[in-house]
Amino acid sequence: MRGFHFSNFQPDDLPKGGFEELLKLFTQLLNYTAGDAGETLSWMNELDKQYKFTNNDYGMGDFIEDLKDKGYLKENPANGDMSITAKTEQTIRKSALEEIFGKLKKAGKGNHNSNISGIGEEKNADRREYTFGDSLDQIDMTASIHNAQINHGIGNFTLTERDLEVEEKDYKTLTSTVLMIDISHSMILYGEDRITPAKKVAMALAELIKTRYPKDTLDIVVFGNDAWPITVKDLPYLQVGPYHTNTFAGLELAADLLRRRKTHNKQIFMITDGKPTCLKENGRYYKNSMGLDRKVINKTLNMAAQCKRLNIPITTFMIAQDPYLQQFVREFTQINGGRAFYSSLTGLGEYIFEDYIKNRRKTVR
């Protein structure tokens with residue numbers, strides 16, 4: 001008999017019980033509750049009632065006590081409120097990194113490789129003859145001996161300067177990045193949560209830089225009516241506000257932060273889902289959320305051009321599908337000479353990580 005048989009959906013990734021499994025769920029839910037431990041535990045209690053992932057041997061009370069004993073949770077003795085610790089914040093970042101980075105194809109070794117060859121730090125596939133001034137550690141002795149045997153014969157071994165073969169090496173570049181996150185009200189409009197994936201990507205990127213590229217720098221800027229820097233420690237608690245979108249202020253602050261960095265390679269990653277709708281002039285806000293206001297747009301485009309003059313490319317990650325908004329992003333990208341990705345929420349992390357790791361830009365001299 002042909003047809004479809006419907007049954008109740010049973011999620012495959014529910015915890016099977018035990019501290020480690022419940023900790024994974026706990027850290028995931030903290031992303032959605034903006035780091036509110038009490039609300040997260042309430043959600044877990046409700047989920048446990050429905051899906052029964054605890055048992056008689058290990059219940060939610062045991063899990064909460066273990067969180068305290070292992071340093072993931074602290075309780076305010078005055079009112080009994082619970083909050084997460086620095087250890088939990090780091091666990092959230094590591095979890096985000098594993099979730100996003102694990103989906104990527106295996107990248108090459110080393111740090112950010114530039115497309116400049118010479119006396120660098122990492123070998124590449126290029127080979128050439130020895131020239132005066134090359135260092136000894138650049139000489140590929142195996143290939144050089146092989147050349148000598150071919151050129152002079154095995155019976156009378158002679159190694160000359162012409163037989164020497166040199167391995168080119170790539171320079172490793174240091175990169176200063178500013179990650180801009182839109183926290184305007186539209187990031188949670190229309191029943192779609194866009195802020196949680198954005199801050200999860202920011203936490204993962206911060207952990208990646210800290211562990212794999214410790215000499216790189218990452219600044220994080222959030223922008224609504226105004227723009228201000230936040231620390232990695234602030235990310236789990238980041239929430240959308242009743243703001244418009246002052247993209248100009250975000251770019252201005254990001255460029256100012258990058259001016260202070262002494263690295264040659266500088267870049268801005270901007271995560272946004274909407275159009276610029278706000279400026280601040282003489283202490284007052286100029287707002288227009290009805291459409292692409294020419295006054296707001298022109299000032300934002302001028303800022304994109306200024307970043308280009310400062311050799312700061314902007315990569316925009318657009319998480320909205322409106323054609324007229326995408327047209328603005330195309331114009332913005334063309335003026336800056338940067339790039340734009342029109343990404344879904346699920347693919348946002350992979351896009352950003354691939355773009356960051358590949359780092360194809362030349363080192364500015």
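General remarks:
- Segment 217-365: relative contact order in percent, alpha carbon pairs under 8 Å with at least 6 residues between: 20 percent
- Ordered from longest to shortest, the equivalent ellipsoid semi-axes for segment 276-357 are 24, 17, 11 Å, each the square root of 5 times a Cα gyration tensor eigenvalue.
- Cα gyration tensor shape of segment 175-362, rounded if a/c is under 1.5, else prolate or oblate by comparing a/b with b/c: rounded
- For segment 181-186, Karplus couplings with θ = phi - 60° (6.51, -1.76, 1.60), whole Hz, Gly/Pro x: 10, 6, 10, 6, 4, 5
- Sites His146 and Ala305, calculated FRET efficiency, Cβ-Cβ separation with R0 51 Å, nearest 0.05: 0.40
- Taking amide H positions as modeled 1.01 Å from N, with prolines and chain starts lacking one, the residues under 5 Å from Lys280 and 5 or more places away or on another chain are Tyr286.
- Debye log10 I(q)/I(0) for segment 138-278, one point scatterer per Cα, at q = 0.09, 0.10, 0.11, 0.15 Å⁻¹: -0.45, -0.49, -0.53, -0.75
- Estimated D of segment 19-84 in µm² per second, where Rh is the Kirkwood radius over Cα pairs and Stokes-Einstein applies at 25 °C, 0.890 mPa s: 202 µm²/s
- Modelled spin-label separation between Tyr285 and Lys74, with each label point placed 7 Å from Cα along the Cα-to-Cβ direction: 3.4 nm.
- Legend: residue pairs Lys70/Lys233; Lys200/Lys233; Lys52/Lys74; Lys52/Lys199; Lys94/Lys199; Lys87/Lys200, Cα-Cα distance threshold 24 Å; pairs beyond threshold, Lys52/Lys74; Lys52/Lys199.
- Among the trypsin sites (Lys or Arg not before Pro) within segment 253-290, those in coil by DSSP and having at most 10 neighbouring Cβ atoms inside 10 Å are Arg260, Lys262.
- For segment 132-168 versus segment 24-56, the gap between their alpha-carbon centres in whole angstrom: 65 Å
- Shape of segment 225-278, Cα gyration tensor, a/c cut at 1.5: oblate
Just so you know, all these numbers are worked out from the coordinates, no wet-lab data involved. Remember, it's a predicted structure, so these values are computed and weren't measured experimentally. Neighbour counts are summed over all protein chains in view; Cβ atoms, including those assigned to glycine, are modelled from backbone coordinates with ideal geometry.
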